[in-house]
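The values are calculated or read from the model by the stated rules, or taken from the named source; none is laboratory data. As the structure is a prediction and not an experimental result, all values here were calculated from the model. Quick reminder, even Gly has a Cβ in these numbers, built from the backbone with ideal geometry, and neighbours come from all protein chains shown.
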Amino acid sequence: MKELSRRNYFKKSVLSVGSLLLAAKGVRANSCQLTPDQTEGPFYPIEDQIDKDSNLTRLTGSQKQAKGQVIIMAGVVSDENCRPVENALVEIWQACETGKYNHPSDPNPAQLDPDFQYWGRSVTNSRGEYSFKTIRPGHYRATSSWIRPAHIHLKVHRRGYEELTTQVYFKDDPYNSNDRILNSLTKVEQRNVIVDFKSSERDGIRLDETLKRGEFNITIRGI
């Protein structure tokens, strides 16, 4: 009888521990870490333009492509419970290959690219998915001792959710380590905004060596 009691106690203990582990796993699976806010910067678009679509590499009616390395940035917009957010407006704006913004306040003497769109919009589908085709932006000097790494500004709007403004960085950029804005985030937050852009593959075969694709998933908070 004592041996049977010990077995029953052990069995109940294992079941209890298993239940706690499953419960903890469920909590982790149903919660998403919020994407960190970052400064909007001084070059948010203030002038309207004809093109507002998600392809920044080619202007409507033009056969010319923007200068620079073409990339695809795509991902899913979710809430803090990992549920996809449909009909969220995702905006991006950035510098062209020379590191210059199409903004009257940008003091950078570099040339603008007349074939680049500079900012665009994408609306998430029923699965919360968005996508942009753009170019890797150039570096520029923020101060005499500070060169900003390649980055893309991003803003998400959706009624019923807090507006998010952030910046997306490239994993292999040598200026990331000394960037004051990026380093104002915690190490965990930095991992959430640094993206590894790499050649797309299917069944282990690279489809395009030149077109880099990066996945940037976004989590916003409901009001």
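Things worth noting here:
- Conditions (1) charged (D, E, K, R); (2) touching a residue at least 40 places away in the same chain (Cβ under 8 Å); (3) in a helix (DSSP H, G or I); number of the one not met by ARG191: (2)
- Sole residue being at positive phi and at pLDDT below 95, chosen from GLY41, GLY61: GLY61
- Selected residue [in contact with a Pro (Cβ under 7 Å, 6 or more places away or on another chain), surrounded by 14 or more Cβ atoms within 10 Å (Cβ to Cβ) and in the same structural domain as LYS64 (by TED's automatic domain parsing)] from ALA150, ALA110: ALA150
- If you go through the stretch 149-161 and pick out every residue that is more than 17 Å from the chain's Cα centre (by Cα) and in a strand (DSSP E or B), you end up with 1.
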